[in-house]
Amino acid sequence: MNLTKKIKQAKKILIVGHVRPDGDCLGAGLALYRLAQKSGTQAELVYDSDLPFHYSFMQYYDCINKASLSDYDLLIIVDCGDRFRMGKYAEFLGKVHSIQFDHHISNDGFADENYVYPYRSSTCEILSEILLDEDAVDSEMATLLYVGLSTDTGHFMHNNVTSVVFSLAAKLMEKGADAYNVNCALYRSRTWEKTKLIGKAIQSMKFFGDGSICVISVMQSDLTDCGCLLTEGLIDVAMDIGSVKVAVCMAQQPNNKYKVSMRSKGFDVACAAAVFGGGGHVQAAGCVVCGYYEDVLRKVVKSITDGM
Ligand code: 5GP
Ligand code: MN
């Protein structure tokens, strides 16, 4: 495809990732931002969301969401399983030539050029392969891409880890990826506030299906009590329990909404999330559900047990 050439030939690029960006989406967006910068092409990177502060260690993080929103001749979309994941930036589709990189099964190929491979662990895996092939990866890009490989594979623990993933991780390290510092920043930097929130999450655990389903509930008051607004990763505490086959984290949002995350050890949670208009992958999916807590809990658990 010669991505490097396409970026070099563009005059001004808008790079868009999904709302509530994660490590994969940030790593992919920032690596492309860096590539454009190296190529002398103007680029702007946006997510229709506040940014998660715990990723602020990533290079060029401060350049995100500072876009002029005009004069683009290329739109690059990363890690968006459908056009709605782009939030308000979906309005640029159709106005300018678009290329997307993604690994969600739900993706219907909504861009002009689609590099969508659901069997890949991460968007960063796809971009690593393309850009290493084009010999375009410097140490900064290598570190950024490594973040996505690590986070979307659950620190190389999910079943989406393949020999290709390890081989790409090794090649990124050869290019100078700073894996040790990324790992410390990602997995050895928890705040005391977040640690207290994990305590609340454990106390909130409810079990269904003979202990095979564990639901964590996080209310807005828990966030304020603990002084931590980040719910990412809480679900892993439930997944670490041996009997648990499906873990759910229901994080209360303003206006009677719950952001629901689902993880599984084999069962297809993407189908359960799809019941509520969400999506994701077989073993990691999410959705937003409106309603009162008890109703949302009952419906979410039913969506899982119905498919078991
Ligand atoms: P998380 O639970 O970490 O927010 O998301 C897990 C996976 O589910 C991600 O790969 C993400 O793509 C997908 N996902 C999370 N929330 C939503 C949502 O509201 N809509 C869709 N389509 N996918 C989601
Ligand atoms: Mn991803």
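Only the coordinates and a few stated rules stand behind these numbers; no lab work does. Computed from a prediction, not measured in an experiment: that's the story for all the values here. Don't worry about glycine lacking a Cβ; one is built from the backbone with ideal geometry, like all the others, and counts go over all protein chains shown.
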How large is the charge dipole for the chain, taken about the Cα centre, if only the Cβ atoms of Lys, Arg (+1) and Asp, Glu (-1) carry charge, to the nearest 20 debye?
420
For region 167-308, the fraction of alpha-carbon pairs in successive 10 Å shells from zero, as %
12, 38, 31, 16, 4, 0
How many nm is it between the label spots at Asn114 and Tyr293, if each spot is 7 Å from the Cα in line with the beta carbon?
4.1
For region 193-204, Karplus couplings with θ = phi - 60° (6.51, -1.76, 1.60), whole Hz, Gly/Pro x
4, 5, 4, 5, 5, 4, x, 4, 4, 5, 4, 7
May I ask you to list the trypsin sites (Lys or Arg not before Pro) in region 79-130 that are in a DSSP loop and have at most 11 other Cβ atoms within 10 Å of their Cβ?
Lys95
Between Tyr33, Tyr146, Tyr117, which gets the highest mean-square fluctuation from a Gaussian network model of the chain, Cα cutoff 10 Å?
Tyr117
Expressed as an acute angle from 0 to 90° and rounded to the nearest 10, what is the orientation of the C-alpha long axis of helix 139-152 relative to the principal long axis of the chain?
30
Hey, which of these cross-link pairs are over 31 Å Cα-Cα: Lys95/Lys299; Lys175/Lys196; Lys95/Lys175; Lys95/Lys171; Lys66/Lys196; Lys5/Lys171?
Lys95/Lys299; Lys175/Lys196; Lys95/Lys175; Lys95/Lys171; Lys66/Lys196
Simple label model, 7 Å out from Cα along Cβ direction - Asn183 to Asp62, nm
2.9
If I take the Cα coordinates of the chain and project them onto the principal axes, what are the three extents in Å, biggest first?
57, 40, 36
One-quarter of the Cα convex hull surface for region 11-74, in nm²?
4.0
